[in-house]
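Enquirer: Let me begin by handing over the structure; questions about it come next.
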Amino acid sequence: MLARKGLLPDGFLLTRLAEDQNQPSRFRSRSQRARFITKTGSCNVAHKNIREQGRFLQDVFTTMVDLKWQHSLLIFTSAFLCSWMLFAMVWWLLAFAHGDLEPRDPEGEPGRVPCVTAIHSFTSAFLFSIEVQVTIGFGGRMVTEECPLAITVLIVQNILGLIINAVMLGCVFMKTAQANRRAETLIFSRNAVIAPRNGRPTFMFRVGDLRKSMIISATVQLQVIRRTVTAEGEVIPVCQLDIQVENPLRSNGIFLVSPLIISHTIERGSPLYELSAQSLASDDLEIIVILEGVVETTGITMQARTSYTPEEILWGRRFVSIMTEEDGRYSVDYSKFGNTVPVRMSSLSSKELDQTRGVQDGAADPQPQGWGLVRAGRGGFRRGGRASDSSAPQPWYAQSEKEVEKNNGQKKKVQLEVIGQIEQEGLGEMSD
């Protein structure tokens, strides 16, 4: 199922509701537990008893951008209304001091030239203040050369109005162009799975991008949040431990042109090394996923986050394939984005499996399975062979030299340089 709100296909809505109804009651009681990162990526942390509130005023712009929309719009409107009202009072005082508000006989002699024409009350002064600051210019009111102070007030109001416009419009632009908006089209699977891959238990989840514009230099980072106790008895309520990611490209960087399954092999040194099917239901942990990258269209660095609690980690299941080739192009079926199928898997932890196989804690980590790779002198590479029966890892070939026949019929011995090693039986031979 899709992790973000509004992206769940209608065809799977009733299925999802039925699955939720069939969940055991212990899952419902555990779902009330607070989590560090919500499924939508927001941090579920409340900051209380902050005494140094003045630090937020030292960075007013960031504070205004971080405010909610209703608060930002309230400040936006109040700033303009206050500035208009302030300068309306200034214009009214100028007209009052110059005598422009005194009633005049329309049939009598013309009086002196006013500072601002057509100002007869505070309402007309307020309208003139709006015309000056937003540069409407209806033409009925204007500043004359009679009062130099009025010209100075006109300049000050224009400069202040430009500053207010720049700050407020900048805040609105930053709020609409925030990087987390791009994260809304990055989706994570609702559940993570633990299934065997290459003979080892592997933690996996799926991530995808709904937009055609790509995320440049995308990287994935995994962390485990759990409560730990040190050897000295110190309790660390939120201990963050990094998890090594083994995605299909064998690095933290991913090419997110299509949905990918990000995996972590559970082996010695992994924070999940002692996790079993029984302990998963009672373990107090949370696995946080952080995807970072640069938006291709805007160049803004973005970050998408989600997390998986024990009840959202499925033991002994694997994601189904959602990519097919149709009419010469690849097609992705997002209706199966979070679908899983059961697989045969032991309920023991990786530590218990290693102890069952005879791997002790002090022994060296076994080498990953795979074909050894050798280089013959300056020639090309060869791949294939069998592992040695000895306990120590051996190269796939038995001899350290190889006879090569030259064009003139003579034979020459060439040293073989070991590039890779394997240690398990059962790998077949491959030809050059």
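The values are calculated or read from the model by the stated rules, or taken from the named source; none is laboratory data. Bear in mind the structure is a predicted one, so any value in this text is a computation, not a measurement. Here Cβ is always computed from backbone atoms with ideal geometry, including for glycine, and neighbour counts include all displayed protein chains. Just the protein is used for accessible areas: all its heavy atoms, side chains included, with ligands, DNA and RNA removed. Shrake-Rupley method; radii C 1.70, N 1.55, O 1.52, S 1.80 Å.
Enquirer: At a 1.4 Å probe radius, carbon and sulfur cover how many percent of the accessible area of the range 74-198?
Expert: Values: 4940 of 7180 Å².
The nonpolar share, carbon plus sulfur, comes to 69 percent.
Enquirer: Something else: At a 1.4 Å probe, what is the % contribution of carbon and sulfur to the accessible area of the range 202-305? Show your work: numbers first, answer last.
Expert: On the way: 2510 of 4980 Å².
In the range 202-305, the share of accessible area belonging to carbon and sulfur is 51 percent.
Enquirer: Can you give me the distance in nm between label points at LEU93 and SER217, each placed 7 Å from the Cα along the Cα-to-Cβ direction?
Expert: Once both label points are built, they end up 5.4 nm from each other.
Enquirer: Counting only heavy atoms of protein chains, what accessible area per residue, in Å², does the range 39-140 have with a probe of 1.4 Å?
Expert: Working: 7230 Å² over 102 residues.
Ligands and nucleic acids excluded, the result is 71 Å² per residue.
Enquirer: PHE76: accessible area at probe 1.4 Å, nearest 10 Å²?
Expert: Taking all protein chains as shown, PHE76 has close to 60 Å².
Enquirer: Please compute the length gained on full extension between VAL332 and ARG181, using 0.36 nm multiplied by the number of residues separating them and subtracting their Cα-Cα distance. Don't skip to the answer; put the middle values down first.
Expert: On the way: separation 151, 0.36 × 151 = 54.36 nm, distance 2.32 nm.
Between VAL332 and ARG181, full extension yields an extra 52.0 nm.
Enquirer: In addition: What's the ranking of 268-279, 138-149, 287-298 by average number of surrounding C-beta atoms within 10 Å, highest first? Intermediate results must be reported in sequence, preceding the final value.
Expert: Working: 268-279: 16.5, 138-149: 13.1, 287-298: 18.2.
Highest-to-lowest ranking by the protection proxy: 287-298, 268-279, 138-149.
Enquirer: Relative to the present Cα-Cα distance, how much length would full extension add between ALA79 and ILE159 at 0.36 nm per residue of separation? Write down the numbers at each step before the final one.
Expert: Working: separation 80, 0.36 × 80 = 28.80 nm, distance 1.45 nm.
Once the chain is fully extended between ALA79 and ILE159, it gains 27.3 nm.
Enquirer: Hey, another quick one. Over the range 304-347, with the other protein chains present, what is the accessible area per residue in square angstrom, probe 1.4 angstrom?
Expert: Per-residue accessible area for the range 304-347 comes out at 57 Å².
Enquirer: Also, I was wondering about something else. Say R0 is 51 Å: what FRET efficiency, to the nearest 0.05, do VAL343 and PHE56 get from their beta-carbon distance?
Expert: Values: r = 52 Å, r/R0 = 1.01.
About 0.50, to the nearest 0.05.
Enquirer: Could I ask something else about it? Given a Förster radius of 22 Å and the C-beta distance between ASN198 and TYR273 as r, what FRET efficiency does 1/(1 + (r/R0)^6) yield to the nearest 0.05?
Expert: Working: r = 17 Å, r/R0 = 0.76.
The computed FRET efficiency comes out at 0.85.
Enquirer: I've got another one for you. For a Förster distance of 45 Å, can you work out the FRET efficiency between the beta-carbons of LYS68 and ARG357, rounded to the nearest 0.05? Please list the in-between numbers first.
Expert: Working: r = 56 Å, r/R0 = 1.24.
After rounding to 0.05, the efficiency reads 0.20.
Enquirer: Okay, next question. What accessible surface, in Å², does a 1.4 Å probe find on HIS120, ignoring ligands, DNA and RNA and rounding to the nearest 10?
Expert: Surface open to solvent at HIS120 totals about 140 Å².
Enquirer: Enter the accessible area per residue of the range 157-261 (Å², integer; probe 1.4 Å; all protein chains in place). Walk me through the intermediate numbers first.
Expert: On the way: 5320 Å² over 105 residues.
Heavy-atom SASA per residue in the range 157-261 reads 51 Å².
Enquirer: Provide LYS68, LYS351, LYS212, LYS175 ordered by accessible surface of protein heavy atoms (probe 1.4 Å), highest first. Don't jump to the answer; show the numbers that get you there.
Expert: Details: LYS68 130, LYS351 55, LYS212 200, LYS175 15 Å².
I get LYS212, LYS68, LYS351, LYS175, largest accessible area first.
Enquirer: Quick one: length gained pulling ILE300 to ARG227 fully straight, 0.36 nm per residue minus the C-alpha distance? Could the numbers behind the result be given before it?
Expert: Numbers: separation 73, 0.36 × 73 = 26.28 nm, distance 3.48 nm.
Fully extending the segment from ILE300 to ARG227 adds 22.8 nm.
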